[in-house]
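The values are calculated or read from the model by the stated rules, or taken from the named source; none is laboratory data. Just so it is clear, the model here is predicted, and its values are computed rather than measured. Here Cβ is always computed from backbone atoms with ideal geometry, including for glycine, and neighbour counts include all displayed protein chains.
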Amino acid sequence: MPESLSPTRREVPTASHFGTYVAETDGRRILGLRPDPADPEPSSIGLGVPSTLDSPARLTAPYVRRGYLERGPGPAGGARGRDPYVRVDWDTALSLAASALRDTIAEHGNPAIFGGSYGWGSAGRFHHPQSQIHRFLNLLGGYTRSVESYSSAAMQVILRRVGGGYGAALASNPTWREIGEQRSLVLAFGGLPARNAQVNGGGIGRHTNLADQRWARAQGAEFVSISPLHDDVDDALEATRLPARPGTDVAIMLALAHELVTAGAHDQDFLRRCTVGWETFEAYLLGRTDGVPKTPAWAGPISGLPAADIAALARRMRGRRTVITTSYSLQRADHGEQAPWMALTLAAISGSLGLPGGGFGAALGALHQLGLEPSRFRPAALPQGRRGVDAFIPVARIADMLLHPGEPFRYDGAQLTYPDVRLVYWVGGNPFHHHQDLNRLVRAWQRPETVIVHEHFANALARHADIVFPAATWLERDDFAAGSADPFVSAMVRAAEPPPEVRTDHAILAGLAAELGIADEFTEGRTEAEWIEHLYAQTRAHATELGAELPTLAELREIGTVALPQPPPALAPYTALRDHADANRLHTPSGKIEIFSERIAGFGLPDCPGHPTWLEPVEWLGAPGAVTYPLHLISGQPDRRLHSQFDNGSHSRAGKVAGREPVLINPADAAARGIVDGAVVRLHNARGECLAGAVVSDRIRPGVVRLSTGAWYDPSGPGGLDVHGNANTLTPDRGTSALAQGPSAHSCLVEIEAYRGDPPPVTVFGPLPTAGPTS
Ligand SMILES: Nc1nc2c(c(=O)[nH]1)N[C@H]1C(S)=C(S)[C@@H](COP(=O)(O)OP(=O)(O)OC[C@H]3O[C@@H](n4cnc5c(=O)[nH]c(N)nc54)[C@H](O)[C@@H]3O)O[C@H]1N2
Ligand SMILES: Nc1nc2c(c(=O)[nH]1)N[C@H]1C(S)=C(S)[C@@H](COP(=O)(O)OP(=O)(O)OC[C@H]3O[C@@H](n4cnc5c(=O)[nH]c(N)nc54)[C@H](O)[C@@H]3O)O[C@H]1N2
Ligand SMILES: [Mo]
């Protein structure tokens, strides 16, 4: 529309996993987006999103993979990822998807539908993609789901067994405020990367995490960052930096424990009253069971840190209120259960567990909410319906499930069987972003008979689907947002019209529900606007119960963001345990923290014994494989985006180097390979290969390289070189252990070389490859 015809320009509030923004709109298009002026430390991640809405990669119509259109459902034999797509009308796409669902259920039963559909999607209480797809599939009779998360699988399972649950640990997390008041010593294993505190699942009313960290420092708190990366801690915290080798944190923690125990500085009263299994663990710590005392001299060569530094750190802990925090990254690794278990144990030893500003920190700073007072207000959520099927997999076992239907696997002490999945339905997550060993995933992905996907863009997920539904983005729909444990509610006012053929996830599923005869059950007779009013009314009613009045939805849409009232605080579980161990039992067999777990020992798992143990990772700098692949690859979270979301936007693309995802490499490692800053390089190992753009910097430890996750996977042919820099072409698809079966992305060895010749262009930011007439 010509500028002069634009009706009314106005500013509307919107909200995302990375914070709240104000969009300028003419009712049809976004004319500008700026951070909410009330946000003291806004994230720039959102600023790149408007540039993607009508970008070449935008899906503007339903598409079907050509082979699927011609031959119907069936294993794809390599065609998924290779076939071009044919544009179809909505009726065709909906009826193909409805038939596939109907036939799969009729022939193989509901467990043959995999609807785990893991992923972050976008913010919004109503449009939340996981809630929408799970509700829809439950109404159809159920689906195979996934349990735990890529973020914290190992931590969730181990803490459920030994720490009273992940929720108990989160509720016991010290806050930066308490840490400042107590002038605590914070041992941050994996650091406190400010880049990661930019985001929070479901929304962030105001960014305050970094300011609170700095406040704690100003009060006298002291920080130690144990991490291979210099920038894993904010400079203002004046942290001691210990650049350990990745995967060796348990050895360092054991040595710290050893020093405290041999100095008699351990909290024997707490260990006796509030934990079980101390003697068994102590015998291991002191070397009585294996002849190896876990001293700093022992941990030094393992971790690459001077033994004297470890011993000095133990001395700093003595008599000091101490926090032991482990980032999620430590447990997204081989034997990932051990680091949080050992950190909890070290916190118990230190005398700080259950005291204000001390104890175990479950991933402080890894998400915006962690380190702040968690919100206890429960905003309304879309009801997901009754679960009709019990089948599940641990979330990161997706490729195993597809490759090994009917075969047994172990999980959390049980022997389970992989279901025989025939149809995969994904909404609001991207396995071609989040899963490890993408070449293996591509092979596994050929097995099902139908793959249905809702996406915004022609990314790798869309390029490996059979039926592709184009979905509206969060900027193109009305809703309201409230983040997990974030004490705010925010309006989301539609700031742009989606392209004409694009629908919301809810509208797509409502269309399918109509085809399948469950329309009334799915929509309950409400329009989208009525659903949002309905959920907001429930949220408001909850506030009224707490004696507070929230604005009406219409008012909220003018105001933007308001604080949520809080129910009275409950005593943190670890504080309660410390106060009265007998009265305040944890949800563990003993009711206490289990430093030795009879249950886990009884499972007899070689990769997860009965107490925290140093187990060599399969891949680390001390492994035999390091001879061939001598660099440890860290594939952490990207600064300029959330995972793979909107990688095609201006903000993410401004961070690329030579058009590729940047890889951070130490000058010594670069020089040894003839790699110069800004050059295109090739990373490879036995699993795969990708290109990246070199950033040569001493802000990373020698022997370690960092390639953020989230560059859209862009293989030159199936299984071929990824020309863009997706780290998951290289990472192992290996469960943390038979206990949690979590992802172990961070245990990954690679080699790098300068790329000779003209690097192939990145094509994944372009449209879906199509065939035939486009009508
Ligand atoms: N190597 C390695 N891999 C990792 C990690 C790592 O550290 N290293 N970290 C892991 C972790 S912690 C996580 S949480 C996962 C994250 O994995 P995911 O959550 O799967 O990653 P996202 O990129 O957020 O995927 C969201 C997808 O949904 C689409 N989308 C967004 N909003 C909507 C919507 O409203 N509707 C629809 N239909 N689609 C939408 C986006 O375009 C995007 O493709 O990655 C994991 N993978
Ligand atoms: N900007 C932005 N923020 C995010 C996300 C995002 O996509 N973008 N994703 C969010 C999500 S879903 C999650 S789960 C969290 C993830 O939070 P984390 O899992 O904590 O994040 P990572 O970036 O994988 O790792 C943090 C740091 O740990 C260090 N590290 C890696 N391995 C080791 C090790 O073995 N030992 C030690 N000591 N250090 C190690 C690395 O240097 C890395 O920079 O981040 C959240 N925050
Ligand atoms: Mo995550």
- Which helices (runs of 4 or more DSSP H) sit wholly inside region 497-549 and have at least 2 residues that are within 21 Å of Asp91 (Cα to Cα)? 505-515, 519-523
- Query: Do you know which residues across region 203-231 are closer than 19 Å to Tyr21 by Cα and basic (Lys, Arg)?
  - Reply: Arg206
- Query: Considering region 111-134 alone, what residues qualify as being within 14 Å of ligand 1 (Cβ to nearest atom) and not in a loop (DSSP other than H, G, I, E, B)?
  - Reply: Pro129, Gln130, Ser131, Gln132, Ile133, His134
- Message: Please determine whether any residue of region 652-673 is in contact with a Gly (Cβ under 6 Å, 6 or more places away or on another chain) and either assigned by TED's automatic domain parsing to the domain that holds Phe281 or within 16 Å of ligand 3 (Cβ to nearest atom) (or both).
- Response: no
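Quick check on region 594-608. Is at least one of its residues within 16 Å of ligand 3 (Cβ to nearest atom), in a strand (DSSP E or B) and at pLDDT 95 or above?
Let us first name the residues in region 594-608 that are within 16 Å of ligand 3 (Cβ to nearest atom), namely none.
No, the conditions are met nowhere in region 594-608.
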- Quick one: which residue in Ser95, Ser99, Ser55 is within 28 Å of the chain's Cα centre (by Cα) and among the small types (Gly, Ala, Ser)? Ser55
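What are the residues in region 433-492 that are in a helix (DSSP H, G or I) and touching a strand residue (DSSP E or B) at 6+ places or on another chain (Cβ under 9 Å), if any?
Listed by number, the residues that qualify are His433, Leu438, Asn439, Val442, Ala462, Arg463, His464, Trp474, Leu475.
Yes/no per residue for (1) in a loop (DSSP other than H, G, I, E, B); (2) within 16 Å of ligand 3 (Cβ to nearest atom); (3) more than 25 Å from Gly78 (Cβ to Cβ); (4) aromatic (Phe, Trp, Tyr):
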| residue | (1), (2), (3), (4) |
| --- | --- |
| Arg706 | no, no, yes, no |
| Ala711 | yes, no, no, no |
| Gly717 | yes, no, no, no |
| His724 | yes, no, no, no |
| Asp733 | yes, no, no, no |
| Ser737 | yes, no, yes, no |
| Ala740 | yes, yes, yes, no |
| Ala745 | yes, yes, yes, no |
| Glu751 | no, no, yes, no |
- Item | Selection count, region 54-78, where residues are touching a strand residue (DSSP E or B) at 6+ places or on another chain (Cβ under 7 Å) and not in a helix (DSSP H, G or I) | 10
- Query: If we scan region 108-121, do we find a residue that is farther than 27 Å from Arg641 by Cα, aliphatic (A, V, I, L, M) and modelled with pLDDT of 95 or more?
  - Reply: yes
